[in-house]
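In what follows, a single structure is set out as structure tokens and then discussed.
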Amino acid sequence: MEPVGRVQPYTFTAEGTARLMEHAQEAKAQMIRHGLLSGMPTPRARGATILMRSSVGIAALLGRLGARADFAAAVGM
């Protein structure tokens, strides 16, 4: 949600993509730790993995391109 919540227009950067990947890895690690510590199996929603990989991949591509747009306006905010 960073492209929508930031000052507009938003510019994707390689650094921003690296931050996104770090946050995604940390969120994944927290979910796994929580599941293991509580003794519950970790959730495996169909399509969750491909959705996350696609989102990060698209953000990485936009970062390499230096894409810039008013994303808040695009979603009607």
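A Cβ distance below 7 Å, combined with a sequence gap of six or more or placement on separate chains, defines the contacts here; from the range 48-60, residues that are free of Cβ contacts under 8 Å to residues at least 60 places away in the same chain reach residues that are of a type in the set (Gly, Ala, Ser) in the pairs Met52/Ala24; Val56/Ala24.
Give the residue that is modelled with the lowest pLDDT, with candidates limited to residues of the range 1-41 that are surrounded by 10 or more Cβ atoms within 10 Å (Cβ to Cβ) and not in a helix (DSSP H, G or I).
From the range 1-41, those surrounded by 10 or more Cβ atoms within 10 Å (Cβ to Cβ) are 2-6, 8-14, 16-36; that's our starting set.
Pick out the ones that are also not in a helix (DSSP H, G or I) and you get 6, 8-13.
Details: Arg6: 74, Gln8: 84, Pro9: 88, Tyr10: 86, Thr11: 89, Phe12: 88, Thr13: 89.
Taking the candidates together, the pick is Arg6.
Does the range 53-66 contain at least one residue that is modelled with pLDDT of 85 or more and outside any helix (DSSP H, G or I)? Yes.
The values are calculated or read from the model by the stated rules, or taken from the named source; none is laboratory data. Here the structure is a predicted model, which is why all the values come from computation and not from measurement. Heads up, the Cβs are rebuilt from the backbone with ideal geometry, glycines too, and the neighbour counts pull from every protein chain shown.
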